[in-house]
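One structure below.
The values are calculated or read from the model by the stated rules, or taken from the named source; none is laboratory data. Owing to the predicted nature of the structure, the values given are computational and were not obtained by experimental measurement. Positions of Cβ are generated from backbone atoms using ideal geometry, with glycine treated the same way; all protein chains shown enter the neighbour counts.
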Amino acid sequence: MKNVVKADLHLHTIYSDGASRPEEYIKEAIKKNFSIISITDHDTFKGSLHAVRYLKENKIDNIVLLPGAEVRTNIGDILVYCIEVQEDDFPRDIDELIDWASERECIIVPAHPLDIFRHGIGLSNLLRYPWKIVEAYNGGVLIPLINEITYAIARRLSASCIGNSDAHHVSSMGSCYTLMRINSLDVESAIQSMILGLTEPRAESYSRRVSKKLRSIFVKRTLRTSL
């Protein structure tokens, strides 16, 4: 019997360009009934490492942290998910990154692929490479139609679809998310769920997502000004 849980697998913290700390996302996940999250800071696993240590030190066992990073490659942004935290030695060439991930039993997912203004890989690269998993819904996309088009294309390509908030502040967490069917609450089951397509992306209402996005932008700018 598989259990259905909520996951948000695209979160940014102070270890890259986010305004919140990893533990704030963990506390928010508990509050919002999320079971699986991934800290995916830009070009580093440091946020994930912080979160893993926090979970262990505080003996929190009802939240699974899927180690991740968002890597800026030569074709655009790619989410990398691994069973364990990795060194930040990933290549930036997409073909080399594919090999790197395979050697480490990691999976790669194009982030907001059709949002070329935020370093999405674009339609041509979405069609060119045999993606097994695609981030179809992204909370940072202001035009919902982009998410729906991405979802439709990914399904035509027989790719699994996930949804993520792409939060840069804890208040935006869950604006888009994924329903996962898993056998057990652990990293291996989360990865297996995505590989097997046992996922369904979901999104909050458009107006609520926009208000959260604007609030996140305001908070980030306020923090930068005050520093």
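Residues in the stretch 147-158: is at least one surrounded by 15 or more Cβ atoms within 10 Å (Cβ to Cβ) and within 23 Å of S16 (Cα to Cα)? No - not one qualifying residue is present in the stretch 147-158. Listed by first and then second residue, the pairs with beta-carbon distance under 9 Å, at least 6 apart or on different chains, first residue in the stretch 177-192 and more than 18 Å from L55 (Cα to Cα) and surrounded by fewer than 18 Cβ atoms within 10 Å (Cβ to Cβ), second at pLDDT 95 or above and of a type in the set (D, E), are L179/E200; R181/E200. Taken over the stretch 3-48, the residue count meeting the criterion of being of a type outside the set (A, V, I, L, M), assigned to a strand (DSSP E or B) and surrounded by fewer than 24 Cβ atoms within 10 Å (Cβ to Cβ) is 3.
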